[in-house]
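Here's the structure, in structure tokens; my notes come after.
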Amino acid sequence: MKAKHLLLACLTLTTATLHAAMLPESQKIDELLAKGWEKAGVKPNPPASDDVLVRRLYLDIAGRIPTVEEAAAYTKSSDPQKRAKLIDTLLASDGYTSHMFNYWADILRLSDNVKGRLTAEAYEEWLKKQIKANTPYDQFVKNLLTTDGGVWDSGSIGFWQRDENKLDHLAYTVQVFLGTNIVCAQCHNHPFDKWTQMDYYHMAAFTNGMDTKSNGVSFKPDKAKQQLDKKLLESMNPKERRAYMKKMQAEARNPVPEGVSKEDMQKVKQAMQDVTKPLRYTSAEWQEGKLPTLPHDYQYKDGKPGEKVTAKAMFGPEAVQKEGQTTLQSFADWMSSPENPRFTTVIANRMWKKAFGIGLIEPVDEMTDSTVASNPALMDYLSQLMIEKQYSLKSFLRVLYNTDTYQRAATTQEVPLGEIYHFTGPILRRMSAEQIWDSLVTLSKGNVDDAVDADNTHLHQYLDDLSMFLGTIKAKGAQGLVEIARANADKLAANQKKVEEMKAKLAAAKEKGGDTTAETRALARESQQLRKETERDFLVALVGEDRANDLRQGYNAKQPEKTKRPQIDPKQLSSMTKEQRKEFLKNYQKGANNKDVSLATRASEQPSPARPGTFLRTFGQSDREQIQNASDDASVPQALTLLNGPVADILSSPASKLNQDLEKAPNTPQKLETLYLALLGRKPSADEKGVLESVSRERGDKAVADVTHALITGSQFLFVQ
């Protein structure tokens, strides 16, 4: 026992001699880990060097490697608090916003390659603002779950628009926020967990009332519910009663405003089908009391096919619906409550994995009742800490990054599946696709973090137009819309007559047995053109010609900035040799013609996700079809992209920051040292210097390009050490 206590004392002393953690919470975490090391009989990893640590902090917090100047400022500083200060600086940076956006976009499956592209883009912008504002995580989740209205009110409705199937959306929601995989129970009782299909539908009852198909336009008049004439019913025979009830039900489904005929309303609805196209996929409206029904093939004894199911929480305390609350609001309160047995644990575990590379609970989103953390005492403390920090993810991460354990060298051995990792240091891991991209942007452009959070003016102008459009429709009301329809009735009838005449000619031609392909195409074109004219006339009458044109054109997303032609100081150009100028002009033209890669903006500003075949997808960016679906597997296309693709051309351009730094070096050995500083954040070791000297002698001026290729494709550049 004395030996064990002595070992613990030594470990604690070693921890204290690194850089004393100023945060008591960080010290507490180190103490809990030290107890785990003692119990397991393992030793912590040695301290990481300043070179390694500064690069790790930039990659983990800001999502990119540091510039040469940023790394040098850290390594040369003698301030004992420099790590804590850098952590605070990076957490407050726009680089953090960009990096965490990529992280949450992967978890929430953000995709602008969906039907509601406008809403998806507004959702992305909303998420960036939530991250930048450090919205408490519990409030962030509530905002997502209870949002409704139009996208012009909040981009957060994109959360509900992401999935057309509400049952699928529920499964994703529970997996993301409660770390519990219940998708199997959607169709049958879960084969590996306790959840039943009935449990699934009880949970679905909380969210079933969210309508994402409505466009916010309703022609139903605001009037009291119809009252049946009981005396009249009593005087009727059964047949008359059935006819009367059928008529009343039809009127309830399709009410007609006073002074408006059914024929007029039919014309309005017909015209509005095309006119309201811009409003599709732009709203989410909550309908209280809309319950799900069990599927037609439900086979268990606790319910019958078609039976309506009420809301009931699957575990933990009941979701109590307070006075004035909707069912959805009670669900959001239950979901994000500190009393919920999984909500806090899941987010604390996710953030721990974000910092250290592996969770205390793995997988992070497949928790069951039998799940036990690798260090239960630490997991309990982290959950408590998350609550104490009031779900501020920045405050929580600040504690983790300030631990002495985080400061240790990375563990390079892979943790076998099923074995416990005792967190003797962070896990060595390959950069994500976005980290690689953003690091290349840093090499090409330097620090461009401040270009992340700018508002999309074009997007908001169009959202304002949509809001105005919907407001105009509501202000006109059914009566006003009928007047517009009546004003255009003659032209509409004439257009319809033209179409009918063309249809008659086509039918006659078909009877003769001739080739009617050309006539069929002409009819389709003419019908489409006439339909567009009708739509345009209606829109112009509603909002005026200018606004009508804008709405008809729709929203065109701003494309990511293309790589600009390299610019260079004329003096520098005149100082080049003939061969150097020739090479510059070659790269100049390549930069102008490149349509695949633009190392001008960070990954968070690119299409989300990037299109297949592009750099980010080649390096494993998630397709956003599943939760955290990214890959860090190596492949031949990745190596070829770094060696021969446009990235190599851009980085070799005289206009890139890397090459501007190289130009400042007076000779080849110092240029190679600059390469090491820029790509790896350190100078070459003594052994590496010997190799570099040999390469310089053999390859001369070409040594710089050779070493660049070797470093940029090597594990020391591509891994977070």
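Which one is farthest from residue 123 (Cα to Cα) among residues in segment 60-104 that are among the polar types (S, T, N, Q) and surrounded by fewer than 24 Cβ atoms within 10 Å (Cβ to Cβ)?
Here is the first cut: in segment 60-104, the ones among the polar types (S, T, N, Q) are 67, 75, 77-78, 81, 89, 93, 97-98, 102.
If we keep only those that are surrounded by fewer than 24 Cβ atoms within 10 Å (Cβ to Cβ) too, we end up with 67, 75, 77-78, 81, 89, 93.
Values: 67: 31, 75: 39, 77: 41, 78: 43, 81: 38, 89: 27, 93: 21 Å.
Here the answer is 78.
Examine segment 195-208 for a residue that is at pLDDT 95 or above, in contact with an Asp or Glu (Cβ under 7 Å, 6 or more places away or on another chain) and not in a loop (DSSP other than H, G, I, E, B), and state whether such a residue exists.
Yes; the residues of segment 195-208 include at least one that is at pLDDT 95 or above, in contact with an Asp or Glu (Cβ under 7 Å, 6 or more places away or on another chain) and not in a loop (DSSP other than H, G, I, E, B).
Write out, first by first residue and then by second, each pair whose Cβ atoms fall under 7 Å of each other, whose residues are 6+ apart or on separate chains, and whose first residue, in segment 56-79, is among the small types (Gly, Ala, Ser) while the second is not in a helix (DSSP H, G or I).
62/93; 71/681
Which one of these does residue 577 not meet: (1) within 30 Å of residue 119 (Cβ to Cβ); (2) modelled with pLDDT under 75?
(1)
With the structure loaded, tell me whether residue 31 is of a type in the set (Asp, Glu), at pLDDT 95 or above and more than 30 Å from residue 132 (Cβ to Cβ) or whether it fails that test.
On the way: of a type in the set (Asp, Glu): yes; at pLDDT 95 or above: yes; more than 30 Å from residue 132 (Cβ to Cβ): yes.
Spelling it out, residue 31 is indeed of a type in the set (Asp, Glu), at pLDDT 95 or above and more than 30 Å from residue 132 (Cβ to Cβ).
For segment 26-145, list the helices (runs of 4 or more DSSP H) that sit wholly inside it and hold at least 2 residues that are more than 30 Å from residue 611 (Cβ to Cβ); which are they?
Those helices (runs of 4 or more DSSP H) span 50-57, 68-76, 82-91.
Filter segment 175-194 down to the residues that are of a type outside the set (Phe, Trp, Tyr), touching a residue at least 40 places away in the same chain (Cβ under 8 Å) and assigned to a helix (DSSP H, G or I) and list them by number.
Residues satisfying the conditions are 175, 176, 178.
Just checking, which of 531, 525 is loosely packed, with under 12 Cβ neighbours inside 10 Å and under 24 Å from residue 277 (Cα atoms)?
Being loosely packed, with under 12 Cβ neighbours inside 10 Å and under 24 Å from residue 277 (Cα atoms) holds for just one of 531, 525, which is 525.
Give all pairs with beta carbons closer than 9 Å in which a residue from segment 282-304 that is part of a loop (DSSP other than H, G, I, E, B) meets a residue that is basic (Lys, Arg); count only pairs at least 6 apart in sequence or on separate chains.
291/308; 292/166; 292/308; 294/304; 294/308; 298/304
Being farther than 21 Å from residue 438 by Cα and in the same structural domain as residue 393 (by TED's automatic domain parsing) narrows it down to one residue among 63, 36; which is it?
36
The values are calculated or read from the model by the stated rules, or taken from the named source; none is laboratory data. From a predicted model like this one, the values you see are computed outputs, not experimental measurements. Heads up, the Cβs are rebuilt from the backbone with ideal geometry, glycines too, and the neighbour counts pull from every protein chain shown.
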